[in-house]
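Report on one structure; see the data block that follows.
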Amino acid sequence: MKHLIAPSILSANFANLEEDILMLNKSEADLIHVDIMDGVFVPNISFGFPVVAAVKNFAKKPLDVHLMIVDPDRYLKQFKEVGANIITVHYEACTHLHRTIQAIKELGCKAGVALNPHTPVSFLQDIIQDLDLVLIMSVNPGFGGQKFIEHTYHKIHQLKKMADEVNPKLMIEIDGGVSIHNSLALLKAGANVLVAGNAVFNSTDQAHSIAELKNISPDFLNA
């Protein structure tokens, strides 16, 4: 499939979030990535339900909601109600991961699992066939603007091999330090969804930056 671009509004202008959402609507972005942080699972706090609902009120693109929180099962229904289309939970935060994934799907959302940099992709071997998405964190979660972890490429290769055997339609999403400089290598490794925060919102032409990420030539991908 053609790769997807999911700009992360964690890097957006919070003082004028509506304007940034309207820009994303008009752009070549496929998803709007929403990072939910609770100050416990990660050392930062971001959005709650009212902000997600406000984003959904203006967004014309699906909301890709990434829960970096403890005990995510408590809040799945609420995030669905405020507009989540994809709900991704962390492997490290779920005691009964299979139950959590089934609960997300029963709500009518696509279900994803995120892995911190230290968590092997092999841990998903017994559940990968049930997933719509796997999010590989390429920085330590909690803050934008961090340096990309190079070992991510190896993890993508491993995950792609696993997915090809039992779930070839799996979305393999990369979050952290993604830019026009490493996007080609990420796609070649097997990723098909790129989360971009600073690479988009720190740009002087945000829509153009999204278009650059979206329109990497297939010729390059097959080279």
Look at region 8-56 and say how many of its residues are surrounded by fewer than 16 Cβ atoms within 10 Å (Cβ to Cβ), in a helix (DSSP H, G or I) and not aliphatic (A, V, I, L, M). 8
Result of the Cβ filter at 7 Å on region 11-37, keeping first residues that are touching a residue at least 24 places away in the same chain (Cβ under 8 Å) and partners that are surrounded by fewer than 21 Cβ atoms within 10 Å (Cβ to Cβ) and basic (Lys, Arg), at least 6 apart or interchain, is Leu24/Lys61; Asn25/Lys60; Asn25/Lys61; Glu28/Lys214; Ala29/Lys61; Asp30/Lys61; Leu31/Lys61; Ile32/Lys61
Name the single residue that is nearest to the chain's Cα centre (by Cα) among those in region 57-77 being in a helix (DSSP H, G or I) and not hydrophobic (A, V, I, L, M, F, W, C). Pro72
Checking Ile87 against (1) modelled with pLDDT of 95 or more; (2) surrounded by fewer than 22 Cβ atoms within 10 Å (Cβ to Cβ); (3) not acidic (Asp, Glu), only one condition comes out false. Which one? (2)
Any residue at all in region 66-74 that is basic (Lys, Arg), modelled with pLDDT of 95 or more and out of contact with any strand residue (DSSP E or B) (no Cβ under 6 Å at 6 or more places or on another chain)? yes
Hey, among Phe148, Phe58, Phe49, Phe79, which residue is touching a Cys at 6+ places or on another chain (Cβ under 9 Å) and aromatic (Phe, Trp, Tyr)? Phe79
Take Val193 and tell me if it is among the β-branched types (Val, Ile, Thr), crowded, with 16+ Cβ neighbours inside 10 Å, within 16 Å of the chain's Cα centre (by Cα) and modelled with pLDDT of 95 or more. yes
Where in region 95-213 are the helices (runs of 4 or more DSSP H), entirely inside, with at least 3 residues that are under 24 Å from Ile45 (Cβ atoms)? 198-201
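The values are calculated or read from the model by the stated rules, or taken from the named source; none is laboratory data. Predicted, not measured: the structure shown is a model, and the values here were computed from it. Using ideal geometry, Cβ is built from the backbone for each residue, glycine included, and neighbour counts are taken over all protein chains shown.
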